[in-house]
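Just so you know, all these numbers are worked out from the coordinates, no wet-lab data involved. Just so it is clear, the model here is predicted, and its values are computed rather than measured. Cβ atoms come from the backbone with ideal geometry, glycine included; neighbour counts cover every protein chain shown.
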Amino acid sequence: MTTFTVPDMSCGHCKAAIEKAITVADSTAAISFDMDARKIEVSSVLAVEELTELLAKEGYPSAVAA
């Protein structure tokens, strides 16, 4: 599981867009959201770089949380 900070994530629409982008690329992905902290945890067969690229393409630049 990888945790990403997603500074531009702020509402339900953001959550839905991120969830859709990831699950279209990996239907087995598990995603949990912490809207207040603007973080997501993703368990996926996709590489971290692929997930980062997907999020950026969707309009949500992210970084792997420390």
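Summing -39500 (n - 2.57) over the DSSP H runs of n ≥ 4 in the chain and dividing by its residue number, what mean residue ellipticity at 222 nm do you reach, to the nearest 500 deg cm²/dmol?
Values: 2 runs with 24 residues, N = 66.
It comes out at -11500 deg cm²/dmol, rounded to the nearest 500.
Using just the Cα positions, wrap the stretch 2-64 in a convex hull and report its mean projected area in square nanometres, one decimal place.
Numbers: hull surface 13.7 nm².
Average of the hull's projected areas for the stretch 2-64 equals 3.4 nm².
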For His13, what is the net charge nearby, where nearby means another residue's Cβ is under 13 Å from its Cβ and Lys, Arg count +1, Asp, Glu -1?
-> -1
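Just want to confirm a number: the relative contact order over the chain, from Cα pairs under 8 angstrom separated by 6+ residues, in percent. Write down the numbers at each step before the final one.
Values: 96 pairs, mean separation 31.4, N = 66.
This gives 48 percent for the chain.
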